[in-house]
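Below: one structure, written as structure tokens.
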Amino acid sequence: MNLRLLLVLVTILAYVAIGATWFITNPAEEIVEPDPPFFYTLAPEDLRNISINTGEKVTSWSLRENLSRWYFDDLNDVPADLFRWGGITQLLGGPRTQRVLAQEIDDVSLYGLDDPSATFAVTLRDDSIVTLLLGDLTPDGVNNYARVEGFPQLVLVDSSWGRVLERLVDEPPYPEWYYTLDGQPREVILFNNNEVLRAYGWDRATGIWSICDIPLLTDPCTGTRLADGAALEAELEHFGSPEIIGAVELNLVEDTLFEPFGTVVESPYIAVQIENRNPVNNVIEVTRLTMTIGDETDGGTARYAVANETSDIIKVNKEWADRVLELFFGDELSAN
């Protein structure tokens, strides 16, 4: 081999060896961005109160540890619907951020954080409170600017996270028995001793209520005698605005567990058929509101009831319930 070429190769190898030795003994320092205190560091089982403020509305819920259920703070003994509430504590435990935009916020008004679109406050087991402020949407609409109160970082939070939680305020997760009448009643069937006692049906062609013939043969039911439509609709308006005092027992699974409250299959049971026209597809959707009315409570100011086929025992105002019972045992609402 040419001596000059050999000397060049030896020199190159020497420099490579020196570089490798320096790299091993002097590794590059990895720059680690400090982790701001995001909600995802909170264990769902540590949450005790949740408050959501959307600027126009404020709603909060507290955990009743003995029942392992979340209840509305502004309502008396009304739990959050299990289906709607499922996963909310996990969601509130951690809005995963996309990135940290700044370690310090120069001007909160630039990001809508001077007047947040929503504020989420979580009270923990030790009574400490963690609050996330949600600012404006980013220009692409994918994220919201946000910050944790008391900390300087400006972060991005997925916009869908905020929308899901804000919906809890705009459309509260009421249990199915916490109802209001929304739509057009078209049929009322009153049962007692598990048999149809009387019924009223609305004729779509004429727009007239009738007292239905028994046995019921059509849906909605029909009859040859006219009902007092104005009086009936007044009673339906009353039924559609229940005076609910709160829940007594939740998630009863055995029929015998309803007996102490008088809410059994032989008790007075009302079923109201409701129609709504879907504005999207123009299809008429049919739903029902139902209630079984049971015994008076010990204090005599309320009655036990089961609404909308749930497995929960609730209390309703006695005067309100007794007026509903007049539909069963009072005079027929006849037009004659």
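The figures follow:
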quantity	calculated
Looking only at region 189-224, and only at residues there that are among the aliphatic types (A, V, I, L, M) and part of a strand (DSSP E or B), the one that is nearest to Ile284 (Cα to Cα)	Ile208
Where a residue in region 228-242 is more than 25 Å from Tyr178 (Cα to Cα) and in the same structural domain as Thr290 (by TED's automatic domain parsing) and its partner, wherever it lies, is surrounded by fewer than 16 Cβ atoms within 10 Å (Cβ to Cβ) and of a type in the set (Asp, Glu), with Cβ under 9 Å and at least six apart	Asp228/Glu332
Inter-residue pairs, beta-carbon under 7 Å, first at positive phi and in region 309-332, second outside any helix (DSSP H, G or I), 6+ apart	Glu309/Thr290
Selection within region 178-219 - among the acidic types (Asp, Glu) and at pLDDT 95 or above	Glu187, Glu195, Asp213
Hits in region 155-170 (condition: acidic (Asp, Glu) and either at pLDDT 90 or above or part of a helix (DSSP H, G or I) (or both))	Glu166, Asp170
Failed criterion for Pro139 (all others in (1) assigned to a loop (DSSP other than H, G, I, E, B); (2) surrounded by 12 or more Cβ atoms within 10 Å (Cβ to Cβ) hold)	(2)
Of the criteria (1) touching a helix residue (DSSP H, G or I) at 6+ places or on another chain (Cβ under 9 Å); (2) assigned to a loop (DSSP other than H, G, I, E, B), which one Pro152 fails	(1)
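The values are calculated or read from the model by the stated rules, or taken from the named source; none is laboratory data. Treat the numbers as computed from the prediction; the structure is a model and nothing was measured. Quick reminder, even Gly has a Cβ in these numbers, built from the backbone with ideal geometry, and neighbours come from all protein chains shown.
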